[in-house]
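Beneath this line is the structure, given in C-alpha cells, with notes to follow.
Every read-out reported here was derived from the displayed coordinates using simple, explicitly stated rules and does not represent laboratory data. None of the values given here were measured: they were computed from a predicted structure. Don't worry about glycine lacking a Cβ; one is built from the backbone with ideal geometry, like all the others, and counts go over all protein chains shown.
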Amino acid sequence: MVSSFHLRVSALVLMSSLTLALSGCKVYTFSGASIDPKAHTIQVDNFDNKAQFVNPSLAPQLLQAVEKKIVSQTRLSQVTTGNADYEVGGYISSYGVSTSGISNQQASSSRLVATFHLIFHNHLDPTGKTVAPADFEDDVTSAVDFSAQQSFSAVEQQLLTQIVTNMSNDIFNRLFSNW
C-alpha cells in the first residue's frame with residue numbers, strides 16, 4: 001500500500017519536472033501560444049482588401065477576430081502607435097466562388113475560398129533567434145463548401161462567418177505556434 005507521504009513526494013517530483021520542462025527560454029500558455037518573455041506589446045495594422053472580388057465586411061471582421069483572439073489568448077498588450085514588440089498586418093488577396101463538386105454533369109457543390117496575405121514583424125529579434133519567429137510573410141487560405149442549389153448571395157454571410165473564424169484561428173496559430 002502506498003503511503004500518503006509517498007504520494008505527496010511523487011506529486012512534488014512530477015510538478016517540479018513539469019516546471020523545469022516548461023521553463024526554458026519560451027513562455028507557454030494554455031492556448032498553446034509560444035511568446036518571447038521579452039515581448040509585451042503587439043500592433044495589429046488595418047487589413048486591406050486587394051482581392052479582385054471584394055466583400056467589404058471581410059477585412060474588418062477578420063481584423064476584429066484576430067485582435068480579439070490575440071488579446072484573449074496571450075499576455076500581449078495591443079498598442080496602436082509604433083514601438084510595438086510585434087507587428088501584424090496584411091491584406092485579403094483573393095475571395096471567390098468556384099465549383100467544387102459535379103454530379104450527373106451538373107454542379108453539386110460550390111466553394112468559397114478566401115486568402116489572406118499575412119505580414120509579421122518581430123521588432124525584438126527580426127532574425128528569429130529567440131522564441132518568436134523571424135519576420136515573415138505567408139498566405140493563409142480558408143475554404144467553405146456549400147450546396148450549388150443555394151445562391152451565393154443567400155448564404156454568403158453565413159459562409160463569411162465560418163471563413164473569418166477559420167482564418168483568425170490559422171493566423172493566430174501561424175503567429176504564435178511553433179509547430
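So how much slack lies between Val79 and Asp45, counting 0.36 nm per residue of separation and subtracting their Cα-Cα distance, in nm?
Working: separation 34, 0.36 × 34 = 12.24 nm, distance 0.99 nm.
That pair, Val79 and Asp45, stretches by 11.3 nm at full extension.
Let me see the pair-distance distribution of region 33-179: every alpha carbon pair, 10 Å bin width, integer percents in order.
For region 33-179, the binned pair fractions read 11, 39, 28, 15, 6, 1 percent.
Among Lys69, Lys129, what is the fewest-to-most ranking by other Cβ atoms within 10 Å?
Values: Lys69 20, Lys129 9.
Lowest count first: Lys129, Lys69.
By per-residue mean of other Cβ atoms within 10 Å, what is the highest-first order of 59-65, 91-97?
Values: 59-65: 18.7, 91-97: 17.0.
Result, highest mean Cβ count within 10 Å first: 59-65, 91-97.
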